[in-house]
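Chemist: Below are the structure tokens for one structure; questions will follow.
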Amino acid sequence: MNDVSTTATPARTAEAVTREIRDFLTARVKQDVPVDQDLFRTGLVSSMFAMELVVFLEQTYGIAIVGADLKLDNFRTVEGMTALVGRLLDE
């Protein structure tokens, strides 16, 4: 019998993070979200939904988003969120 844990850990590559964030957003807003689309300017995401994004990213990647990292610009695009996750995982 194999003793390897069956708990999946999220892939940590930028491509995987981007895909996971896009999958989450697509499920929530019911449309495909380009990685460079301004989610707030286009009205796809409200500031209230931004808090859901924070919780999703923290729980999915085991990171804490606090202080200066909570600025809206970090959540404006999928690219921005991917960069934020990558930076926090590297710290």
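The values are calculated or read from the model by the stated rules, or taken from the named source; none is laboratory data. Please read all numbers here as calculations on a predicted model, not as lab measurements. Here the Cβ is made from the backbone with ideal geometry for all residues, glycine too, and neighbour counts use every protein chain on show. Heavy atoms of the whole protein, side chains included, go into the accessibility calculation; ligands, DNA and RNA do not. Shrake-Rupley method; radii C 1.70, N 1.55, O 1.52, S 1.80 Å.
Chemist: Looking at [x] -0.50; [y] -0.60; [z] -0.55, which value of log10 I(q)/I(0) by the Debye sum over Cα atoms at q = 0.15 Å⁻¹ comes from a calculation on the structure shown?
Modeler: It is the one labelled [z].
Chemist: Only residues of segment 55-91 count here: report those whose backbone N is under 13 Å from the spot 7 Å along Cα→Cβ of residue 29, or say none.
Modeler: 75-81
Chemist: Here's something else I'd like to know. State the percentage of accessible surface on the chain attributable to carbon and sulfur atoms; use a 1.4 Å probe and exclude ligands, DNA and RNA.
Modeler: 54 percent
Chemist: Show me 26-33, 14-21 ranked by packing, highest mean number of other Cβ atoms within 10 Å first.
Modeler: 14-21, 26-33
Chemist: Right, here's the next one. Give me the 1.4 Å probe accessible area per residue for the chain, excluding ligands and nucleic acids, in Å².
Modeler: With the other protein chains kept in place, the chain gives 63 Å² per residue.
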